[in-house]
Every structure is written in C-alpha cells, then in structure tokens.
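A.B. asks: Okay, handing you the structure first.
The values are calculated or read from the model by the stated rules, or taken from the named source; none is laboratory data. A quick note: this is a predicted structure, and the numbers were derived from the prediction, not measured. Here the Cβ is made from the backbone with ideal geometry for all residues, glycine too, and neighbour counts use every protein chain on show.
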C-alpha cells in the first residue's frame, strides 16, 4: 500500500511492522563471523539514501569508556579536560554531552565540581547498571540523562545473559520504566548491534521502547553501539554490519528521530572515523567519541578527528576552537604521562613534521605544498622538520628558520654556509652508523660552536 510519508512528504510504500522473532537457537551469523577466520563483509547491493541532518554534533565518553582502558583520571584531570572540551566545543555547544561514571567518591566529586562550573555544554550525563538504586544515585546528583546497557546480539542475550530474546526485551523494558519512574531520560545503549538480528530483534525492541516513551511522555535516546568495531561504511553492505543500514532502519522502521539517534563506534578494524561519519551522513545527529580515541581495546572514535570531520562536512567549524586540541594533547602528554604515538593525526609530535628533504624544500617555497592546512592557525602548531639522513640541505635550512624563528632577510636558504657545514656533520654521523633522528638539543649545541652562526645573528 502506498501513502504520503510524514517524514519525507513523498509517496512511499507503507512501512512494514516488524515483530520480535523469539528464536530457540541464537543467530550468530556464522557466514560472516566464523571465529576461526577474519570476519567477512557481505553485500546485498541495496542502497539507502544519504540523509545528513541539518544539525549534527559530538558527544564525549572520555570519562567513561576512556577510563576503562587506562589509569583512572584524578578529579583535577577530569575537571581540567572538561573545561578544555567546553572551550573546544565553542559557543554553540557542538560537543553536546559528556558521560561520567558515578560509583566512586572520586567520580561523584568530579561530577559535582564540573557541574559547579555552570556550563550549558557539554551537558553532564552518566552511565549506570540497570538497577533501581543506580537510578536513585543519578537523580540525587540532579542529572537529567543516563546511559543504560541493553545488549542486543544473540551473542550477549543467549551466551552472556542466558535469556531468550523475549525475556531480554521484558527485562530491558522494566529497567527503562525504572528510569521513567525516577524522572530520568534513558539513553539505551544497543550493545553489539553490528552482530544483532536487526529486523528480528533490534527494530521490534526499539519499537516497544518508543511506544513506552510515547505513553509516559518522556523521550528516549537510542545509541547504536558498534561494540567490536564490525561496522563498515561502504554502501550496499548487508546487515548487521552496514552502518548506513542500521541508521536508516532505526529511523524508518523504529521511528527514532535523528536528534535522538547516536552512534558509538570502536576502532578494532580501523574504521571508527569512517563509520562515525557515515552515521552522520545517513541520519544520526550525534556521534559518540573520546579524547585521543582512548577507550576499550583499540579505542573509540577520536573526538579531535570528528571536530575536523564536522568542519569538512559542514564547511565550517561553527565556532569550535581547534587550537584547544593541541592543548589537550599536551595535557595528556605532560600532565598525565600518556604517551601519544608521534604519528597520530593532529596531536602527535610528528603529525606535521617531515624528515624528507624534498618535502622540506617544498615547505620553504610555500608550506601549503606539504602542509594539510594552516596548522599554525587552526592548531597553533606550525609545520616542522626532523633532521635525519634524508633531510638534505633544505630540511636543515627549514629547521634553522623555524626553530630560531628567523624572519625576512634573516632567514637562511639551503646554500648558506651554516647549512652546508651542518649537512656535512649530519652525513658524517650517519656514515658512522647512526640510525636515529637528531634531537633539537644536539643541533643547538653544534650550531653554538660555529662561527657562521655568530655571523648570522649579529
């Protein structure tokens, strides 16, 4: 039957009502997830339309998922990072929420101190177990929204919870009712959705959630959780691994509005950023991230990555201040002792540093040739070179100019006598068996010995 869709205002086929398939045996999708081999990607050649919402935003899980994979943050560290996230998100609150644990005195103190700041954004939310006493804790802290784990794959329902699908749905709905009774907006975390029977369990279950929400007049958020990183961004991929298919199905067959739909991804197969972008493009307003991507196993979607992805998709940063990303990276490195891999985009020490002489030569002529954008302006981090056996004359000249902030006529070119002397010195060290790049202090000490430098700075 055809009718005018209230969502699209187009003549469309009437939406099919999916019912729960309460199977006796779990559907583990063994054709895709043969545990003894690499998971396979199946294609069904079905496409869903791109449908990016007018407003999209970022939410943060640094103080929840992020803390599960490293030493717990101190109260001061949480407060400091929360302040930086507020500045990064800008005046329009594009980092919309940040979720916290609540079980320890430290967690509760951190929440209280962050709430005392009076920031509208990021809004403080929590993550709790599905227990009544936990809802009371959330309410006592005067927090409006909390995450609840509602695992949705048969791996979890049958193997972990030892339930049938119907039993799991009934248990989850009672838990959601407890949140409503406490006056709290539940955020339902659909754990392991990329291994779940989407139309046999997920859609019917979410339909029941949305019906319950409508009955009590309290909204519900739906977070689609790619718990194991199995989601893929490619078009025409079969469920349950299709990110686009999941977002489309939750909107069109489960009635979840874009503004109540969120994606939470993991990076086990290097697809976290691409999957999060796909979620935006196909209808989710929100993507859930963590600072530096720190999270369970291989980590979550890096928040800093989605700041630049937002700007790429929308054509504007819309008030976000990406220079704070550099501050955050330095804070993790210097205040928290966290070792950031040097080649990490945006925050790694070497992300815009070249060792190649031909690249350095290009940078000297026009940094736009080899720098991804004006990193000095957008990240407060100018491009640089690391002096090694491949730096050449141009690399050494560029290092001198940038390290000593030489401008105009004071800048040296690759034919300057100082550069030539240093090149011979570098070549000699590598000829003697050196394998590592030179530290800045080594070059500084060598330059200070040379008369050519004294002549340069007269």
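A.B. asks: Given the options 58, 78, name the one that is within 29 Å of residue 239 (Cα to Cα) and modelled with pLDDT of 95 or more. Walk me through how you get there before you give the answer.
C.D. replies: Working: 78 fails: within 29 Å of residue 239 (Cα to Cα).
Step by step, each of 58, 78 is checked, and only 58 is within 29 Å of residue 239 (Cα to Cα) and modelled with pLDDT of 95 or more.
A.B. asks: Go through region 81-111 and give me each residue that's modelled with pLDDT of 95 or more and in a loop (DSSP other than H, G, I, E, B).
C.D. replies: 90, 91, 92, 93, 94
A.B. asks: Please state which one of 396, 372, 443, 421 is modelled with pLDDT of 85 or more and in contact with a strand residue (DSSP E or B) (Cβ under 9 Å, 6 or more places away or on another chain).
C.D. replies: Numbers: 372 fails: in contact with a strand residue (DSSP E or B) (Cβ under 9 Å, 6 or more places away or on another chain); 443 fails: in contact with a strand residue (DSSP E or B) (Cβ under 9 Å, 6 or more places away or on another chain); 421 fails: in contact with a strand residue (DSSP E or B) (Cβ under 9 Å, 6 or more places away or on another chain).
On inspection, the qualifying residue turns out to be 396.
A.B. asks: Identify, by number, the condition in (1) modelled with pLDDT of 95 or more; (2) over 17 Å from the mean Cα position of the chain (by Cα); (3) within 26 Å of residue 302 (Cβ to Cβ) that residue 30 doesn't meet.
C.D. replies: (3)
A.B. asks: Shifting gears a bit: Determine whether region 266-283 contains at least one residue that is outside any loop (DSSP other than H, G, I, E, B), modelled with pLDDT of 95 or more and over 26 Å from residue 373 (Cα atoms).
C.D. replies: yes
A.B. asks: For residue 311, are the conditions met, namely being assigned to a helix (DSSP H, G or I) and out of contact with any helix residue (DSSP H, G or I) (no Cβ under 8 Å at 6 or more places or on another chain)?
C.D. replies: yes
A.B. asks: While we're here: Return the residues of region 214-227 that are buried (at least 21 other Cβ atoms within 10 Å of the Cβ) and without any contact (Cβ under 8 Å) to a residue 60 or more places away in the chain; say none if nothing qualifies.
C.D. replies: The answer is 220, 222, 225, 226, 227.
A.B. asks: Another question, if that's okay. Hey, does region 28-35 have a residue that's free of Cβ contacts under 8 Å to residues at least 12 places away in the same chain, surrounded by fewer than 15 Cβ atoms within 10 Å (Cβ to Cβ) and either assigned by TED's automatic domain parsing to the domain that holds residue 193 or within 27 Å of residue 319 (Cβ to Cβ) (or both)?
C.D. replies: Among the residues of region 28-35, not one is free of Cβ contacts under 8 Å to residues at least 12 places away in the same chain, surrounded by fewer than 15 Cβ atoms within 10 Å (Cβ to Cβ) and either assigned by TED's automatic domain parsing to the domain that holds residue 193 or within 27 Å of residue 319 (Cβ to Cβ) (or both), which makes the answer no.
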